[in-house]
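Worksheet: one structure, shown below.
The values are calculated or read from the model by the stated rules, or taken from the named source; none is laboratory data. As the structure is a computational prediction, the values presented were derived from the model and not from experiment. Here the Cβ positions follow ideal geometry from the backbone for every residue, glycine too, while neighbour counts run over all protein chains shown.
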Amino acid sequence: MAAAMRVAGAGARLSVVVSDLRVAARSLCSQPVSINQRVEDKRRAALMGGGQRRIDAQHKRGKLLARERISLLLDPDSFIESDMFVEHRCADFGMAADKNKDFTVFGGSLSGAHAQKICKIMDQAMTVGAPVIGLNDSGGARIQEGVESLAGYADIFLRNVMASGVIPQISLIMGPCAGGAVYSPALTDFTFMVKDTSYLFITGPDVVKSVTNENVTQEELGGARTHTTISGVAHRAFENDVEALCNLREFFNYLPLSNLDPAPIRECHDPSDRLVPELDTIVPLESTKAYNMADIIHSVVDEREFFEIMPNYAKNIIVGFARMNGRTVGIVGNQPKVASGCLDINSSVKGARFVRFCDAFNIPLITFVDVPGFLPGTAQEYGGIIRHGAKLLYAFAEATVPKVTVITRKAYGGAYDVMSSKHLCGDTNYAWPTAEIAVMGAKGAVEIIFKGHENVEDAQAEYIDKFANPFPAAVRGFVDDIIQPSSTRARICCDLDVLTSKKVQRPWRKHANIPL
Amino acid sequence: MAALWVSVGSLIAAGRRGQRFPQQLMQRGALWTLKYASYYSRQQLMVTRRLCSAECSNEKTFDKILVANRGEIACRVIKTCKKMGIKTVAIHSDVDASSVHVKMADEAVCVGPAPTSKSYLNMDAIMEAIKKTRAQAVHPGYGFLSENKEFAKCLAAEDVIFIGPDTHAIQAMGDKIESKLLAKKAKVNTIPGFDGVVKDADEAVRIAREIGYPVMIKASAGGGGKGMRIAWDDEETRDGFRFSSQEAASSFGDDRLLIEKFIDNPRHIEIQVLGDKHGNALWLNERECSIQRRNQKVIEEAPSIFLDSMTRRAMGEQAVALAKAVKYSSAGTVEFLVDSKKNFYFLEMNTRLQVPATWKIGDSCLKAHLPVEAEVFIRRKRGTEEKDQGRGMKSSLCANEDSPFHKVEHPVTECITGLDLVQEMIRVAKGYPLRHTQADIPINGWAVECRVYAEDPYKSFGLPSIGRLSQYQEPIHLPGVRVDSGIQPGSDISIYYDPMISKLVTYGSNRTEALKRMEDALDNYVIRGVTHNIALLREVIINSRFVKGDFNTKFLSDEYPDGFKGHKLTENERNQLLAIASSLFVASQLRAQHFQEHENSRVPIVKSQVANWELSIKLNDEVHTVVASNSGKTFSVEVDGLKLNVTSTWNLASPLLSVNVDGTQRMIQCLSREAGGSMSIQFLGTVYKVRILTKVAAELNKFMLEKVAEDTSSILRSPMPGMVVAVAVKPGDMVAEGQEICVIEAMKMQNSMTAGKTGKVKSVHCKAGDTVGEGDLLMELQ
């Protein structure tokens, strides 16, 4: 809706998906009449797609046609408004333009011409600063076209890379997406999938079988479940085409149009100074007991609306978008319910990528910290936790958007530093009275400091008294205030208002070198 | 003091004539206030208590009281203590450390970990707490240690006063047989019956005639309702005798038969009594508690619509006689069953030592609950079995009932009499005589209490649910509403304790007003994070039979023979709901278009002001076409061609939304609103799920495939959160359909989980001692 709405209002500035259409339309207008005639013919043919038989086949699989998908993604009313013209654009749209590869027309494989259209649109989207949404339903390169379609891929990849950090890029995988085609979604900011009907893999089960002799189904190899829970390639999966497109519209409303735009502010009915009494008791008294960080997030943000990114992958960290007093914010939180909320390889990478997206698109970051440290063990060390953990550290340190941090309970060791601490230029850092900010937990610390001593329990008690509380950090100014949990929302909303005008200059460089 | 009583007496007399009194007199005439303040229902309690405490401040009771309970009742006792200037000590378990009663009390002592046997029933720890805090008296609340004579003895040994009845009264009333004998001796009506060998059918008929029809016949040895037959005439008695004596001989080898009066359409009505240590006792009118599920009260009201003043007086006097007979010196309840002809029979006095430990549906061990048994019997006869619970598995319920009837403190009685029962209990425990006479006890107005529970009313009228109250808002801003609760936003309803959320009480000058207020109160009650029974409560209070007063203890099972299914929408209500849902949908869609613009970021938006929103809305598998258009705050909505105007503030953040549909004011709660168009709306108490799609989306949605639901017969999931008590199978075992797989205990209930089909166990995902959540996988069959 917002997409369409913004389109309608875009006027001089073309935007979003429809902007892509408009490019196509405009190029048509500049053609001689005879060519227009041809386009008319083609459009008619395109409207039929691959013929009724193939349309039915697509529907039978529970999948929609490209044109239908577009009609769902856009505001239906704006569509009706410009009736014929839109239909016209839609035809082109469905045929070749945009990244929506109409399965019934080309079997979804990518031709050189197809790629060219996509590139044109992306170039245009970048020049005007409008997000790109790709609805992917493609079989990979057209083998018949040979190297040309490979070149086509590379052209698109280049555009994806060029657009990265300039305009938000979203991929919605709505069918098979195999071979080279998978790298375009991988390069975009967010990849969503449709359950049961979409697959993403480099090589399909047949090739896998012949090469590695593994027996695996499409679903197991590259289905929505695999990519949202095991590989972390996709950010979320939805039940079907309609659900997915509805959610995409909702998601889109959180994003700015480009990196030059501030985070959008929606009309807000939730009072910014609302007290949240239920937070006062949410952190259990025993520090070994888990609670659900998602509860805190839901209570603090506007109307309990939280669009979680990667909800089923690396669940020990929660990331997603929400609004505070109407303004989009990115939320990062450790999840004590899963693996005590520790940081490991997957959660660090998940967090880092999200933080960098928010930073690139001017979305303020709110971090809820309850982290006992990095996950120890050979699996993690061999896997390169040092390198991957550094990504999250890097991302937070690099981010120049407003950063508000709330330490709800544990903030131990290096993980404390990493989680948007004051030292990494956190703008406002709060601690709840339950916060424990220290190098490590009491037990471990006492074992090291008082090695061989007898009176371990006393030493532990002393340690807890001295270090396992928010005061040591507060007296040094590492946290700005110790706040009542119930006032968290009011404080954050107020801080975000103050921080809107935040400006940070970094020294010139070609680009930074995040430890990949 | 005497002077005061006189003046009070005259005040009452004058008050009856409806005269008004100078302000200064009111201060002294506390009792007048007690009687009449209730007309000013909103301030009633406040005023009552303030004046009352003014009067009582001269009376020295205790310096410090320990409240040996938790939750709502602990809070309730602490409130009165505060009013009386008594310091309070709360006890709590680990998990209750930050609960409301702990916060309210002046001091708090942790008495152990979460399980009640280790904390609230841990006498050693509680005695320790009493010594440590030097509390002079203990208020036990209800349940837990309130009827434990050991505890009362321990207290006596330490010279600590037990605020409750004396040990001997507890004991006398605790024993079923003794209490019945005592009642007979005190000339209290008891259920007439005969227990012994019956020679032949003629003798059976003679006994039956003596008792009066209808009668119930069964083998004495048969437990519960097993083999129970009901006879309405001689013929049936003969039949019943034949079957029962055969059964008695063959099944039990014991010829004795039990023939007892069968109480037809029984109502459960109880009398509140109040006694002191000087042999005085009063009856404080009755409470109607017939609306029950699994022998636990759901709704109670005072007075009863069924009783006339004659019956009331007779019942009251018998109750007082019984209280006096056992030297009852506290607040207590005498329970009666009342039949359709207003004959009443003593059931029990609420200060039993221990309630019979376990009962099961269809196997009640309480003789007193014959009607329930009879009902089960009748249903069996019809061949209707208990409906399956949950998905693909059968479960039988049994509960360790810990004092369903013993609530020492009954808000409805307090509302109509103006007395603070807790305060009176504390006074008499200290040894003061009662300060009222029977003539002082009024019935002012009407009060209704709904027990709001964290339970799912759609499963056997209430299976416990647990969770964290993510949002919680009591409707105390409404007139005539009182909420006794022990929770706050953020509280946990855990598997360890009673799942009661609150006692919601409304008060009005008459029953109609009280019920109307209850309706509003239920609609305005915001409880999120746990499943609750508001839908059921609201359905009962608007039920025409209930409103007329035509009900008995079988009400729920009679009205909902196939289980509670939520409110049945009339066509008009359905249209209202659809119109409201559509308006909400459009309101949120319109809002999504309103971005606050940043300076030179976006080109001003051309408003895509749509004239008409064509929507397709699905409710209960029916699809309706809706066309909505709006102007300002008013939506004009055409539901299936019928036009409705819907007005509201459309505040999408507020948990409560007051909506006006064509002049009808409705309070709705929108519980969830998803991007895919699904919405849950609480309307008329029941939560309805709707899915709203634009016309285009609805057209395309037809192509979406139905996802195949997982085959539930080969898997067993927990129907509710709880703890696994025992697991009866291991992987590789063969199980038959209906065979017990494991037992899950939640709150006070044990749920036997059985296999949905015959097969081999593939894997077992739980072990004894595990805590499981609702929907957790317990076992898989191959």
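Is it the case that B:S752 is in a strand (DSSP E or B) and over 33 Å from the mean Cα position of the chain (by Cα)? Before you say what the answer is, go through the steps one by one.
Values: in a strand (DSSP E or B): yes; over 33 Å from the mean Cα position of the chain (by Cα): no.
The answer is no for B:S752.
Every residue in segment B:644-676 that is at the interface with chain A (Cβ under 8 Å from one of its Cβ atoms), of a type in the set (A, V, I, L, M) and closer than 25 Å to B:N533 by Cα, please.
Answer for segment B:644-676, where residues must be at the interface with chain A (Cβ under 8 Å from one of its Cβ atoms), of a type in the set (A, V, I, L, M) and closer than 25 Å to B:N533 by Cα: B:L652, B:A653.
Taking B:A219, is it at pLDDT 85 or above, touching a helix residue (DSSP H, G or I) at 6+ places or on another chain (Cβ under 9 Å), surrounded by 18 or more Cβ atoms within 10 Å (Cβ to Cβ) and of a type outside the set (V, I, T)?
no
How do the pairs read when you match residues in segment B:560-575 that are closer than 25 Å to B:A628 by Cα with residues anywhere that are among the β-branched types (V, I, T) and not in a loop (DSSP other than H, G, I, E, B), using Cβ under 8 Å and keeping only pairs 6 or more apart or on different chains?
Final answer for the pair search is B:N575/B:V639.
Of the numbered conditions (1) within 17 Å of the chain's Cα centre (by Cα); (2) free of Cβ contacts under 8 Å to residues at least 40 places away in the same chain; (3) away from chain A (no Cβ under 14 Å), B:I493 fails exactly one; give the number of that condition.
(3)
What is the one condition in (1) assigned to a loop (DSSP other than H, G, I, E, B); (2) within 30 Å of B:K64 (Cβ to Cβ) that B:V188 does not satisfy?
With respect to (1) assigned to a loop (DSSP other than H, G, I, E, B); (2) within 30 Å of B:K64 (Cβ to Cβ), B:V188 is out only on (2).
Is it the case that some residue within segment A:260-268 is touching a helix residue (DSSP H, G or I) at 6+ places or on another chain (Cβ under 8 Å), within 14 Å of chain B (Cβ to nearest Cβ), over 22 Å from A:G351 (Cβ atoms) and exposed (fewer than 15 other Cβ atoms within 10 Å of the Cβ)?
Checked against the condition, which is being touching a helix residue (DSSP H, G or I) at 6+ places or on another chain (Cβ under 8 Å), within 14 Å of chain B (Cβ to nearest Cβ), over 22 Å from A:G351 (Cβ atoms) and exposed (fewer than 15 other Cβ atoms within 10 Å of the Cβ), segment A:260-268 yields at least one hit.
Of all residues in segment B:719-738, how many are closer than 29 Å to B:P499 by Cα and in a loop (DSSP other than H, G, I, E, B)?
5
So how many residues does segment B:83-102 have that are away from chain A (no Cβ under 14 Å) and in a loop (DSSP other than H, G, I, E, B)?
Counting residues in segment B:83-102 that are away from chain A (no Cβ under 14 Å) and in a loop (DSSP other than H, G, I, E, B) gives 3.
From the list A:A154, A:A244, which one is of a type in the set (G, A, S) and closer than 24 Å to B:M679 by Cα?
A:A244
Just checking, does segment B:573-585 include any residue being within 14 Å of chain A (Cβ to nearest Cβ), at pLDDT 75 or above and closer than 30 Å to A:I265 by Cα?
Yes: segment B:573-585 contains one or more residues that are within 14 Å of chain A (Cβ to nearest Cβ), at pLDDT 75 or above and closer than 30 Å to A:I265 by Cα.
Any chance you could count how many residues in segment B:677-697 are of a type outside the set (S, T, N, Q) and within 7 Å of chain A (Cβ to nearest Cβ)?
3
Taking the condition of being surrounded by 22 or more Cβ atoms within 10 Å (Cβ to Cβ) and either without any contact (Cβ under 8 Å) to a residue 12 or more places away in the chain or within 14 Å of chain B (Cβ to nearest Cβ) (or both), how many residues in segment A:176-196 meet it?
2
Regarding segment A:396-406, can at least one residue be identified that is touching a strand residue (DSSP E or B) at 6+ places or on another chain (Cβ under 6 Å), of a type in the set (D, E, K, R) and more than 29 Å from A:P262 (Cα to Cα)?
No, every residue in segment A:396-406 fails to be touching a strand residue (DSSP E or B) at 6+ places or on another chain (Cβ under 6 Å), of a type in the set (D, E, K, R) and more than 29 Å from A:P262 (Cα to Cα).
In segment B:514-531, how many are crowded, with 21+ Cβ neighbours inside 10 Å and under 15 Å from B:T686 (Cβ atoms)?
Looking only at that region, the number is 5.
Give just the number: which of (1) away from chain B (no Cβ under 14 Å); (2) surrounded by 16 or more Cβ atoms within 10 Å (Cβ to Cβ); (3) out of contact with any Phe, Trp or Tyr (no Cβ under 8 Å at 6 or more places or on another chain); (4) not in a helix (DSSP H, G or I) does A:A234 not satisfy?
Answer for A:A234: the failing condition is (3).
Considering B:E706, B:E780, B:E699, which residue is among the acidic types (D, E) and assigned to a strand (DSSP E or B)?
B:E780
Looking at segment A:207-225, I want the residues that are within 23 Å of A:V194 (Cα to Cα) and have a partner that is basic (K, R) with Cβ atoms under 8 Å, at least 6 apart or on another chain. Which pairs are those?
A:V216/A:K209; A:E219/A:R225; A:G223/A:K195; A:A224/A:K195; A:R225/A:K195
If I filter segment B:634-656 down to residues being in a loop (DSSP other than H, G, I, E, B) and small (G, A, S), which single residue comes out as surrounded by the most Cβ atoms within 10 Å (Cβ to Cβ)? Quick ask: steps written out before the conclusion?
Let us first name the residues in segment B:634-656 that are in a loop (DSSP other than H, G, I, E, B), namely B:640-641, B:649-656.
After this cut, where a residue has to be small (G, A, S) as well, the list is B:641, B:653-654.
Details: B:G641: 9, B:A653: 14, B:S654: 17.
Across segment B:634-656, the extreme among qualifying residues is B:S654.
Among the candidates B:L478, B:L419, single out the residue that is more than 14 Å from chain A (Cβ to nearest Cβ), in a loop (DSSP other than H, G, I, E, B) and in contact with a His (Cβ under 9 Å, 6 or more places away or on another chain). Break it down into steps so the answer makes sense when it comes.
Numbers: B:L478 fails: in contact with a His (Cβ under 9 Å, 6 or more places away or on another chain).
The match here is B:L419.
Residue-wise test of (1) of a type in the set (V, I, T); (2) surrounded by fewer than 19 Cβ atoms within 10 Å (Cβ to Cβ); (3) more than 27 Å from B:S465 (Cβ to Cβ); (4) modelled with pLDDT of 80 or more.
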residue	(1), (2), (3), (4)
B:L700	no, no, yes, yes
B:F703	no, no, yes, yes
B:V708	yes, yes, yes, no
B:V724	yes, no, no, yes
B:M747	no, no, no, no
B:V764	yes, no, no, yes
